[in-house]
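Here is the structure we will look at, set down as structure tokens.
The values are calculated or read from the model by the stated rules, or taken from the named source; none is laboratory data. What you see is a predicted model; the values in this text were computed from it and never measured. We place every Cβ from the backbone using ideal geometry, glycine too, and count neighbours over all the protein chains shown. Note: accessible area is taken over every heavy atom of the protein model, side chains too, but ligands, DNA and RNA are not part of it. Shrake-Rupley method; radii C 1.70, N 1.55, O 1.52, S 1.80 Å.
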Amino acid sequence: PPRPIDKIRHLLRPRSAAVVGVSASGPNMGRIILGNIRAAGFEPDRLWVVRPECDAIDGVPCVPSIAELPEKVDLLVVAVGAPQVPAVIDELLDHDRANAVILIPGGLGEKEGSEELAARLEQRIADAHRTDGGGPVFVGGNSLGVISHPGRYDTMFIPETKLAKSRDAHRRSTAFVSQSGAFIIAKLSRLPWFDPAYALSIGNQIDLTAADLLAHLQDDDDIDVVAVYMEGFRPGDGLAMVRAIR
């Protein structure tokens, strides 16, 4: 079924967000992501952590479950282990609580034995796209995260002590779409002058593809150049990318 790529606007410029997988006891992937989102200047009153039996983490209020989010968020960041992802996605889709999702976990189709898990998620997402609302769009799995300066958030789980982040408010006219998370952070680290408005690690493209993102970015008047690093296309996506580029 067609992906509702108009919802990419919620991914790139979210007005509300929530994070699943934040530890209350110490640093973990989810808590690093939460800290990076706050440091990027996201509106704190529109940010939540999904974690039961906890009132707040690092000043961000907690809710016990996705179903109990106070509103349908524009962006949900999933930073749990791969085996936990199906239950998270089931709850999300059953209660329609997000417009866009970033799937951080690896092991969703690229590791031996995970094919069945990935196939189940793809089917669940496809079924949601067949509904009247079209369901949310998904980036990942195995996404290192997304940096959006216009959206004032950063979900890359690399601490700022290891990857210096640009926080200045100035015009940025480039976007960087990369299937490899290692490649994207290596370039951001080695080329500090390359300061894209959007840096998107798309992982194994379980839903949104590089062509989908290009089709959206081509209408963004602030973006003059898009850098793309690909390792493989989904069926038909090479042709879709050529059309978006043209």
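Could you compute the longest span of the chain free of chymotrypsin sites (Phe, Trp or Tyr not before Pro) located in DSSP loops and having at most 15 other Cβ atoms within 10 Å, not counting the site residues? Don't skip to the end; give the middle numbers.
Details: sites that count: TRP193, PHE194.
Within the chain, the longest run free of exposed chymotrypsin sites (Phe, Trp or Tyr not before Pro) spans 1-192.
Quick check for you: with a 1.4 Å probe and neighbouring chains kept, what is the accessible area per residue of the chain, in Å²? Before the final figure, lay out each step's value.
Working: 11330 Å² over 246 residues.
Accessible area per residue: 46 Å².
Looking at the calculated P(r) for the stretch 77-198, what percent of the C-alpha pair distances fall above 18 Å? Walk me through the intermediate numbers first.
Working: 4213 of 7381 pairs.
Within the stretch 77-198, distances greater than 18 Å cover 57 percent of Cα pairs.
Taking the alpha-carbon set of the stretch 128-198, what are its Rg and Dmax in Å?
14.3, 45
Mind giving me the FRET efficiency for GLU71 and ALA186? R0 is 41 Å, r the Cβ-Cβ distance, nearest 0.05 is fine. Before the final figure, lay out each step's value.
Details: r = 37 Å, r/R0 = 0.91.
Calculated value: 0.65.
Taking 0.36 nm per intervening residue step and subtracting the Cα-Cα distance, what contour gain separates THR131 from GLU160 on full extension?
On the way: separation 29, 0.36 × 29 = 10.44 nm, distance 4.00 nm.
My answer for the length gained is 6.4 nm.
Quick check on the chain: what does the Kirkwood estimate of hydrodynamic radius come out to from the alpha carbon pairs, in Å?
On the way: mean 1/r = 0.0556 Å⁻¹.
Taking the inverse mean of 1/r over all distinct Cα pairs, the chain comes out at 18.0 Å.
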